[in-house]
1. Every residue in the range 335-351 that is closer than 15 Å to CYS404 by Cα and assigned to a strand (DSSP E or B), please.
2. Tell me which residues, restricted to the range 131-155, are within 16 Å of ALA31 (Cβ to Cβ) and at pLDDT below 90.
3. Going through ARG378, ARG383, ARG472, ARG374 one at a time, which residue ends up being touching a Leu at 6+ places or on another chain (Cβ under 7 Å) and of a type in the set (Lys, Arg)?
4. Quick test for you: out of GLN181, GLN155, GLN161, pick the one residue that is open to solvent by 20 Å² or more (accessible area, probe 1.4 Å) and touching a residue at least 24 places away in the same chain (Cβ under 8 Å).
5. Take the range 340-364 and flag every residue that is of a type in the set (Gly, Ala, Ser), open to solvent by less than 20 Å² (accessible area, probe 1.4 Å) and in contact with a Gly (Cβ under 6 Å, 6 or more places away or on another chain).
6. Might you let me know whether the range 452-459 holds any residue that is small (Gly, Ala, Ser), touching a residue at least 12 places away in the same chain (Cβ under 8 Å) and either in a loop (DSSP other than H, G, I, E, B) or open to solvent by less than 30 Å² (accessible area, probe 1.4 Å) (or both)?
7. Any idea which residue in the range 412-427 is surrounded by the most Cβ atoms within 10 Å (Cβ to Cβ), counting only those that are assigned to a loop (DSSP other than H, G, I, E, B) and either under 20 Å from the mean Cα position of the chain (by Cα) or on the phi > 0 side of the Ramachandran plot (or both)?
8. Against the conditions (1) open to solvent by 20 Å² or more (accessible area, probe 1.4 Å); (2) among the basic types (Lys, Arg); (3) under 17 Å from TYR400 (Cβ atoms), where does ARG374 fall short? Just the number, please.
Amino acid sequence: MNQEAGLFSGERWLSHADFRSRVLRAGNVLASLGVGPGDAVALLLRNDFCFFEATYGANLVGAYAVPINWHSTDGELAYLLEDSQPRVLVGHADLLAGVSGALINAKRRGMEVLVVETAPELAAAYSLTKEVCVARGDDPLWNALIENAAELPDQHVEVIQSMFYTSGTTGSPKGVRRLAQSKSGAETLGRVRDRIFGLSSGINALVPGPLYHSAPNSMALRAAQQAQTMVLMARFDSEECLRLIEKYRITNMFMVPTMLVRLLKLPPAVRAQYDTTSLQYIMIAAAPCPVEVKQEVIHWWGPIVHEFYGSTELGYMTVCDSAESLRKPGTVGRAVEGARVKALDSNGNEVSVGEPGEIFGRLAAFPDFTYNNRDEERAKIERDGLITCGDMGYFDADGYLFLCDRVRDMVISGGVNIYPAEIEASLLGMPGVGDCAVFGIPHDEYGEQLLAIVQCVTGHSLTSEDIKTYLRERIAGFKVPRRVEFQRELPREDSGKIFKRRLREPYWRGESRKI
């Protein structure tokens, strides 16, 4: 077997034939533990082959794979396990070691835990000791079970999507539980994903983002079926990403804007060391991408950069290519084929061209969903058959969508609507700024005022006045934050989204208004 084809992670390699066999064996392992149609299989896993095996294995028996953000605390995991009620949890040894309380309670309810010993490249990426990477206790080992199982033929007539939990920035996370699809319906959706992510037979794909997040998961699961070579990154690192692109002649990637920012902050001499001419299709999403960042990447890699707008609930709503991004700076594109997308006011009426409204949409190929155990929450986000995830935006005369911000993130200061995402996008282009978050805090006179919290690049020092001066040259004066604070590191998900709720809480504590 040619070792240029297959799945790679660090120094490990899995041929396509062995991968298919392990998936069928995984289905048999889960079936033997009583997993069946409509059940849940929780995944507390870093980027690893087993993530795909357990996901596809769950699908074989009609069950939902439930990827869990492995940054979750013991208490957060306990909530997720209580809500999803998985029959089985598959987890890396080091991650399981940190959430023993949640596991004890779930086991009492009958949940089985299967342990994956943490691979060397994962241990190196996260500076883990050997002791936490090996199994402790009597829980069965995933690999041993796979090796001793027979293959389970794929006989299920319906296809189940994974159930992702929203990030929970406005309360407890909600599981997006989609209806089962016929296999023909799933094939139609697969073709939509191929168009979105530029996938086709024989590509070489790199997976730099965490598989517990819906967008990189969606791309990677489909790419695993199409790619000649698929390479998993244990953890995103800018220079390592370039090294892998050159080594494996990568053609396709899904990236979040934070990754692009970090790549662009590499010294030009470092970037020039690596051959990235194999790249053919880059898709970005999951968070707003600053205009300057996208333009710089297009200048570097050529007109191969695409962006889509969507969400776990909505699926894919709009898409744009490099030419559209350069012609319409800041757009996230026009509606994809089969999607209806509208901007509505608070009364449910479609707003005029150029006027911000809440974005509602529906993609015909995506199966409908409910929030697990929260049908009433699902009903609240629908209007006339369209649903929203709480984003504000507007359409121009040509039908291109421009995002403003999240509804909950919009700041009203002195009666004026201000969208922090615009300010953050400007600030991220400032030399010395590594990361930032802008949001509203209480103000006696204006109701709210803007606060910017800035993380500087290592070795750089900036002042509050530096930040304000830079912004005054780029945005209207009323949008410049009145307060600027600095933190060594901002709390950010691997998906690129900042945990703004954690940053806001100290400022709103004791206020009657909700954040």
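1. If the condition is that a residue be closer than 15 Å to CYS404 by Cα and assigned to a strand (DSSP E or B), then LYS342, ALA343, LEU344 are the ones that fit.
2. Passing the criteria: PRO153, ASP154, GLN155.
3. Exactly one of ARG378, ARG383, ARG472, ARG374 is touching a Leu at 6+ places or on another chain (Cβ under 7 Å) and of a type in the set (Lys, Arg), namely ARG383.
4. Criteria check complete, one pass: GLN161.
5. ALA343
6. yes
7. If we take residues in the range 412-427 being assigned to a loop (DSSP other than H, G, I, E, B) and either under 20 Å from the mean Cα position of the chain (by Cα) or on the phi > 0 side of the Ramachandran plot (or both), then GLY414 is surrounded by the most Cβ atoms within 10 Å (Cβ to Cβ).
8. Just one mismatch for ARG374, condition (3).
The values are calculated or read from the model by the stated rules, or taken from the named source; none is laboratory data. Given the structure is predicted, the values throughout are model-derived calculations rather than measurements. Don't worry about glycine lacking a Cβ; one is built from the backbone with ideal geometry, like all the others, and counts go over all protein chains shown. When the accessible area is computed, the model is the full protein with side chains, heavy atoms only, and any ligands, DNA or RNA have been set aside. Shrake-Rupley method; radii C 1.70, N 1.55, O 1.52, S 1.80 Å.
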